[in-house]
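The values are calculated or read from the model by the stated rules, or taken from the named source; none is laboratory data. This structure is a prediction, so every number in the text was calculated from the model and none was measured. Here Cβ is always computed from backbone atoms with ideal geometry, including for glycine, and neighbour counts include all displayed protein chains.
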Amino acid sequence: MRTDLPGTSRLLLEGGAEFGGAMAEADLRALERAGGFDAPIAVLPTAAAPHNNHKRPGANAVRWFHSLGATRVESLAVVDRVSANDASQAPRVRQARLIYMPGGFPGYLAETLKGSFLWQAAAQARAGGAVLGGSSAGAMTLCSRLYDPQAGAVVAGLNLLPGCCILPITTHLAAAGRRRSARPCPVQRKSAWTSAPASSRTRGISGPSSAGARSRSIETAFRGRLIEARPSH
């Protein structure tokens, strides 16, 4: 099943510090677009699973969205390919109006979800108008390409933003967004500004920052700076 479905669904792309208050405006907008405070929210803390730390960001996300007024929030224990292909979890994702993925390991997140029952359910929810969002690794993974710091390479993402590569970066690197080095430039929290295929549009999200995307275009920058560059080859 294709995951780059067209339509009017929206994507929420956030940098870091997602549960510290800086993302309140963006998250409230996402809740509004998802149908309001009673809309079901599914949190996928998969990216934190390699350190067996998925319960903490999952619980943090539940507390955060509850603090904003959301009433139906749950964190799903999707930690590997087996749980991502657990047919019993797919309906909970399919029925969600906001699907949110916190940060962690972007390469692991992409490989775990790609082609799984759960990701097919997420694509169906998105086709029905659900908001799909993520912070840090969660935002990076939604693109067609992502930088995997563990592999030290640009790899395939989940392709909800075709021809795009989004990288959370620190504020001090924002001014360096015009640099188009062929080598990755490591920065805080293993994020990087790296080269991408010539056909890709590379965007850096300085944290804490967020942006909203409708279909295939960036709709609104809520906070911080969105840096864009095309890599030279």
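In a residue-by-residue description of the range 51-69, the property of being within 17 Å of Ser136 (Cα to Cα) and outside any helix (DSSP H, G or I) applies to at least one position.
Trp64 falls short on exactly one of the conditions (1) surrounded by 13 or more Cβ atoms within 10 Å (Cβ to Cβ); (2) out of contact with any strand residue (DSSP E or B) (no Cβ under 6 Å at 6 or more places or on another chain); (3) modelled with pLDDT of 90 or more; (4) more than 25 Å from Leu146 (Cβ to Cβ), and that condition is (4).
Set side by side, the residues Arg145, Arg92 differ, and just one is surrounded by fewer than 17 Cβ atoms within 10 Å (Cβ to Cβ) and in contact (Cβ under 8 Å) with a residue 12 or more places away in the chain, which is Arg92. Leu13 is checked against (1) at pLDDT 90 or above; (2) of a type in the set (A, V, I, L, M, F, W, C); (3) surrounded by 15 or more Cβ atoms within 10 Å (Cβ to Cβ); (4) not in a loop (DSSP other than H, G, I, E, B) and fails just one. What number does that condition carry? Among (1) at pLDDT 90 or above; (2) of a type in the set (A, V, I, L, M, F, W, C); (3) surrounded by 15 or more Cβ atoms within 10 Å (Cβ to Cβ); (4) not in a loop (DSSP other than H, G, I, E, B), Leu13 violates only (1).
Does the range 142-164 contain any residue that is polar (S, T, N, Q) and part of a helix (DSSP H, G or I)? No. Inspect the range 34-45 for any residue being in a loop (DSSP other than H, G, I, E, B), over 14 Å from the mean Cα position of the chain (by Cα) and farther than 20 Å from Arg10 by Cα and give the result as yes or no. No, the range 34-45 contains no residue that is in a loop (DSSP other than H, G, I, E, B), over 14 Å from the mean Cα position of the chain (by Cα) and farther than 20 Å from Arg10 by Cα.
For the range 93-107, taking the residues that are part of a helix (DSSP H, G or I) and modelled with pLDDT of 95 or more, the one that is farthest from Gly20 (Cα to Cα) is identified as Arg94.
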